[in-house]
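Here's the structure, in structure tokens; my notes come after.
FYI, it's all coordinate maths here, none of it is from the lab. Source: prediction; values computed, not measured. Note that each Cβ is placed from the backbone with ideal geometry, even for glycine, and that neighbours are counted across all protein chains shown.
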Amino acid sequence: MPQPFPRGHIEWKDGQNWVILTAYCAGSDEVTTVEVPLTQWFALVPVRCAVEERLERWQENKCWSQPK
């Protein structure tokens with residue numbers, strides 16, 4: 001059974017974590033894979049914004065679930 005696209009994961013290699021993304025090329029049925037060190041991945045503005053938003057929601061939910 002073929003794997004669905006896009007997909008991604010983090011793996012350890014060359015002494016650091018890497019983000020491995022596989023997706024269709026824009027406007028094509030061709031599949032490509034991009035590998036980026038995790039530190040560079042988090043430096044990307046859209047990724048950083050998404051992570052910050054998720055952390056803010058997590059902190060808000062944590063505050064609501066704490067007994068007073």
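Taking the Cα centre of the chain as origin, work out the dipole magnitude from +1 charges on Lys and Arg Cβ and -1 charges on Asp and Glu Cβ, in debye rounded to 20.
Around 380 debye, computed over the chain.
Please work out how much length the chain gains when fully extended from PHE5 to GLU52, using 0.36 nm per residue of separation minus the C-alpha to C-alpha distance, in nm with one decimal.
Gain on stretching PHE5 to GLU52: 14.4 nm.
Expressed as a rounded percentage, what relative contact order does the chain have, with Cα pairs under 8 Å and six or more residues apart?
19 percent
At 222 nm, what helix-only mean residue ellipticity would the chain give, in deg cm²/dmol to the nearest 500, using -39500 (n - 2.57) for each DSSP H run of four or more?
-12500 deg cm²/dmol
Place the peptides 9-15, 31-37 in order of packing, highest mean first, counting for every residue the other Cβ atoms within 10 Å and averaging per peptide.
Order by mean packing, descending: 31-37, 9-15.
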